[in-house]
Amino acid sequence: MEIRLKELSIYDSTEIFAMIKEIGPGENGFINEGYRISYSEFRSYLEGNFELSKGTNLSSRYVPQTIYWLYVDYRPVGMGKLRHSLNDSLKKVGGHIGYAIRPSERGKGYGNIILRELLKRAKEKGIDKVFITCIESNIPSRKIIEINNGKLQDIFHGICRYWIYV
Ligand SMILES: CC(C)(COP(=O)(O)OP(=O)(O)OC[C@H]1O[C@@H](n2cnc3c(N)ncnc32)[C@H](O)[C@@H]1OP(=O)(O)O)[C@@H](O)C(=O)NCCC(=O)NCCS
């Protein structure tokens, strides 16, 4: 199995657009901002996210964030977000990392893989203590976090808050 976590690029193609559409608006606190865009807006979606990853034109409510695509055997199967730091809001809920696997590829272990790969990227960015939050009832995601050495800090209004030391 060939695994690759690829950073978003302004040259990403229609296969990424199709995956974003399949992932839908988001679930369990994961928001997929790309879901509502049309294909004519795809390029500006990519450019906006590329700028966000570099921290340019950042609104005061945002921290720099990089989007990654998980490829398995050259097919995109999921997306992840890595926030480079935490603001007050992300320190409560949201954390450093969010991820989603496209519905047609769920239940194959790719959730475990995408978090493992995102943690490597966090380490490369100098984040050695990763904060991740997850809705209490989201059993697959809790398993993914715990398999990746997540230590439960607490459950805050139905949200599990974990730390992973990378
Ligand atoms: C959560 C999500 C990423 C899981 O992706 P996935 O590729 O299906 O996950 P995996 O196949 O790696 O499975 C992860 C674990 O959950 C278990 N699992 C998968 N589906 C399950 C289900 N419906 N019920 C219970 N456990 C389940 C798997 O058995 C596995 O545990 P194991 O390693 O002990 O066997 C995916 O469902 C998703 O994208 N959901 C919407 C977005 C989301 O919730 N993101 C997380 C926000 S914190």
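The values are calculated or read from the model by the stated rules, or taken from the named source; none is laboratory data. Because the structure is predicted, anything quoted here is derived from the model rather than measured. Don't worry about glycine lacking a Cβ; one is built from the backbone with ideal geometry, like all the others, and counts go over all protein chains shown.
Table for the structure above
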item: Every pair of residues 6+ apart whose Cβ atoms lie under 7 Å, when the first sits in segment 140-166 and is on the phi > 0 side of the Ramachandran plot while the second is aliphatic (A, V, I, L, M) and surrounded by 15 or more Cβ atoms within 10 Å (Cβ to Cβ); result: ASN149/ILE164; GLY158/ILE135
item: The one condition in (1) under 22 Å from HIS84 (Cβ atoms); (2) out of contact with any His (no Cβ under 9 Å at 6 or more places or on another chain); (3) more than 16 Å from the ligand (Cβ to nearest atom) that GLY55 fails to fulfil; result: (2)
item: Residues (more than 19 Å from ASN87 (Cα to Cα), under 16 Å from the mean Cα position of the chain (by Cα), within 11 Å of the ligand (Cβ to nearest atom) and not basic (Lys, Arg)) located in segment 110-143; result: TYR110, GLY111, ASN112, ILE113, ILE114, LEU115, ILE135, ASN138, PRO140, SER141
item: Criterion violated by GLY95 - all others in (1) over 24 Å from TYR11 (Cβ atoms); (2) within 9 Å of the ligand (Cβ to nearest atom); (3) without any contact (Cβ under 8 Å) to a residue 40 or more places away in the chain satisfied; result: (3)
item: Count of residues meeting criterion [assigned to a loop (DSSP other than H, G, I, E, B) and either closer than 19 Å to TYR99 by Cβ or touching a Cys at 6+ places or on another chain (Cβ under 8 Å) (or both)] in segment 3-17; result: 3
item: Positions within segment 66-92 being in a strand (DSSP E or B) and either more than 11 Å from the ligand (Cβ to nearest atom) or at pLDDT below 95 (or both), in sequence order; result: THR66, ILE67, TYR68, TRP69, TYR71, ARG75, PRO76, LEU82, ARG83
item: Members of segment 136-166 that are touching an Asp or Glu at 6+ places or on another chain (Cβ under 9 Å) and closer than 16 Å to ILE101 by Cβ; result: ASN138, ARG142
item: Count of residues meeting criterion [over 21 Å from PHE50 (Cβ atoms) and crowded, with 21+ Cβ neighbours inside 10 Å] in segment 77-93; result: 1
item: Residue match in segment 43-51 (condition: of a type in the set (Lys, Arg), in a helix (DSSP H, G or I) and in contact (Cβ under 8 Å) with a residue 12 or more places away in the chain); result: yes
item: Scan of segment 60-81 for residues that are β-branched (Val, Ile, Thr) and closer than 16 Å to ILE31 by Cα, ordered by number; result: VAL63, THR66, ILE67
item: Any hit, segment 145-154, residues being within 20 Å of GLU27 (Cα to Cα), more than 11 Å from the ligand (Cβ to nearest atom) and in a strand (DSSP E or B); result: no
item: Members of segment 98-109 found to be within 8 Å of the ligand (Cβ to nearest atom) and among the small types (Gly, Ala, Ser), listed by number; result: GLY98, ALA100, GLY107, GLY109
